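Chemist: Sharing a structure, written as structure tokens. Questions coming.
None of the figures in this text is laboratory data; all of them are computed from the coordinates on show. This structure is a prediction, so every number in the text was calculated from the model and none was measured. FYI the Cβ positions are ideal-geometry reconstructions off the backbone, even for glycines, and counts take in every protein chain you see.
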Ligand SMILES: [Ca+2]
């Protein structure tokens, strides 16, 4: 959890510290009256004099005004001009009037990795990440872009240097309408990441998800949003949550009994609290 002093001109609509995964919850609340000004109601805002911020294991959801004109687009999960940002293991969903991440002029040297972005902006505009101004050294890896509008990312009057690889995009077919300046490597496009229950905002991966073990190793990302070590299995997963076969806790064994005992064999039976393949040694 990071402590951020709200800017006098851009502020968090609501920032509430939570305990799940050691992270924070940043969420909006319905407007009491329509507010149509261009002052953003962001989850987090960082100006151009700020640097060296890490956001690890937070949930940003339902940020932004719910009333007023539909094309209002100034309310973002993270809005930052800052240098040296590490944005890892976060979940972003249901942005009302802006983007999950809005890079602003001067944003440089960012790692955006192992985040889960879900659902298109309610205002209908394209992308879950927006570039604006000079944005250099932006590395975007191991993320899941789930059902954005149009494209995974978008830009406005932006000069970009970025890399974009080892991501999964579902629901649209393109990374960006104009990726100039962004080196787009190998990504998975059009495959369902198989969340446990996306409609209920449960973004854990199911067994067999194409996001499992398809990420690259990143030294900056040592755990997932739930605090589980990365990797589980053979490699890093994509998104904020690492899949572990049978869950991340060892099974509880109960109800052990023996039956059908003969001179050279016996049945040993037990129950566990999760699906398991068992053996006797
Ligand atoms: Ca894995």
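Chemist: Normalise the Cα radius of gyration of region 40-167 by 2.2 N^0.38 Å (N = residues in it) and let me know the number.
Modeler: 0.94
Chemist: Return the Rg/Rh value of region 152-192, two decimal places, where both radii are evaluated on C-alpha atoms and Rh is the Kirkwood radius.
Modeler: So for region 152-192, dividing Rg by the Kirkwood Rh gives 0.97.
Chemist: Shifting gears a bit: What span do the alpha-carbon atoms of region 120-237 cover on each of the three principal axes, reported in whole Å from largest to smallest?
Modeler: Between the extreme Cα coordinates on each principal axis of region 120-237 lie 41, 32, 22 Å.
Chemist: Go ahead and run the numbers for FRET between residue 200 and residue 161, Cβ-Cβ distance against an R0 of 51 Å, rounding to 0.05.
Modeler: Calculated value: 0.85.
Chemist: Which value does Rg/Rh take for region 11-249 over its C-alpha atoms, Rh per Kirkwood? The partial results should precede the final answer.
Modeler: Working: Rg = 16.5 Å, Rh = 17.5 Å.
Ratio of gyration radius to Kirkwood radius for region 11-249: 0.94.
Chemist: What's the extension gain from residue 245 to residue 37 if we count 0.36 nm per residue and subtract their Cα-Cα distance?
Modeler: Contour length minus Cα-Cα distance gives 70.0 nm.
Chemist: Measure out, as a whole number of angstrom, how far apart the alpha-carbon centroids of region 51-83 and region 147-189 sit.
Modeler: Going from one Cα centre to the other spans 19 Å.
Chemist: How do the peptides 77-86, 255-264, 50-59, 215-224 rank, highest first, by the average count of neighbouring beta carbon atoms within 10 Å per residue?
Modeler: Details: 77-86: 23.2, 255-264: 7.7, 50-59: 19.5, 215-224: 16.0.
Those peptides, ordered most packed to least, come out 77-86, 50-59, 215-224, 255-264.
Chemist: How do the peptides 121-129, 205-213 rank, highest first, by the average count of neighbouring beta carbon atoms within 10 Å per residue?
Modeler: 121-129, 205-213
Chemist: Pairs of Cα atoms under 8 Å, at least six residues apart: use those to get the relative contact order of region 11-249, whole percent.
Modeler: In percent, rounded to a whole number, it is 14.
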